[in-house]
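Here's the structure we're looking at; comments come further down.
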Amino acid sequence: MKINIVMVEPEIPQNTGNIARTCAATGGKLHLVEPLGFEITDKALKRAGLDYWDKLDIEKHASLSQFLEKYKPEENNMYFVTTKGQTCYSDVDYSKLEEVFLLFGKETKGLPEDLLQKYIDKTIRIPMRGTLRSLNLSNSVAIVIYEVLRQKQFEGLEETSQYFEC
């Protein structure tokens with residue numbers, strides 16, 4: 001399965017670095033939709049991603065409209081992750097999909113409201129207490145990507161440690 005993590009206008013380099021590392025570790029492709037709130041050469045970004053940058057499949061897009069024109073939501077298995085989502089992320093059946101796109105918005109505002117309204121039936125959320133605004137972005141990406149992988153029996157990933165036996 002091909003998993004695409006799409007970061008729409010990310011603002012915090014450490015989050016994006018952590019997400020890049022998660023993508024490298026899981027085989028996910030990272031899409032960065034500009035404008036970015038940092039330079040791709042930012043030390044914090046590189047530090048958070050450690051030495052995984054050369055193991056990462058990454059694609060940059062000049063704008064959200066450019067991304068959506070290239071990867072049409074109507075033609076792709078695309079899910080919009082938001083606290084306003086209609087479906088719990090774990091209630092989606094990813095097991096039969098060959099490719100999936102998971103879109104995440106910027107840390108301060110999330111995904112654009114008009115986009116969420118247009119594709120409301122493809123919005124997903126991570127359950128949390130209602131008194132809080134949101135989870136950390138890099139944690140949210142990890143939660144959802146690992147659910148997709150779990151449903152595919154962690155296809156392509158090592159399930160046992162190469163160092164210790166349990």
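The values are calculated or read from the model by the stated rules, or taken from the named source; none is laboratory data. Remember, it's a predicted structure, so these values are computed and weren't measured experimentally. Glycine also receives a Cβ, built like all others from the backbone with ideal geometry; neighbour counts cover every protein chain displayed.
Just a few scattered comments:
- Of the residues making up the range 95-151, just one is closer than 21 Å to GLU69 by Cα, within 16 Å of the chain's Cα centre (by Cα) and polar (S, T, N, Q), namely THR123.
- Every condition in (1) of a type outside the set (Asp, Glu); (2) over 20 Å from ILE145 (Cα atoms); (3) assigned to a helix (DSSP H, G or I); (4) modelled with pLDDT under 95 holds for LEU36 except the one numbered (3).
- Evaluated against (1) in contact with a strand residue (DSSP E or B) (Cβ under 9 Å, 6 or more places away or on another chain); (2) closer than 28 Å to PRO35 by Cβ, ALA142 falls short on exactly one condition, (1).
- Residue in the range 10-17 that is within 27 Å of PRO127 (Cβ to Cβ), modelled with pLDDT of 95 or more and β-branched (Val, Ile, Thr) present: no
- Residue in the range 84-94 that is in a strand (DSSP E or B) and more than 15 Å from the chain's Cα centre (by Cα) present: yes
- Qualifying residues in the range 137-166 (those that are among the aliphatic types (A, V, I, L, M) and touching a Phe, Trp or Tyr at 6+ places or on another chain (Cβ under 8 Å)) - the one modelled with the lowest pLDDT: LEU137
- TYR79 modelled with pLDDT of 95 or more and either closer than 27 Å to PHE154 by Cα or surrounded by 20 or more Cβ atoms within 10 Å (Cβ to Cβ) (or both): yes
- Of the criteria (1) surrounded by fewer than 18 Cβ atoms within 10 Å (Cβ to Cβ); (2) on the phi > 0 side of the Ramachandran plot, which one GLY110 fails: (1)
- In the range 1-22, the residues that are β-branched (Val, Ile, Thr), under 11 Å from GLU107 (Cα atoms) and not in a strand (DSSP E or B): ILE12, THR16
- Every residue from the range 24-42 that is closer than 17 Å to ILE12 by Cβ and out of contact with any His (no Cβ under 8 Å at 6 or more places or on another chain): LEU30, PRO35, LEU36, GLY37, PHE38, GLU39, ILE40, THR41, ASP42
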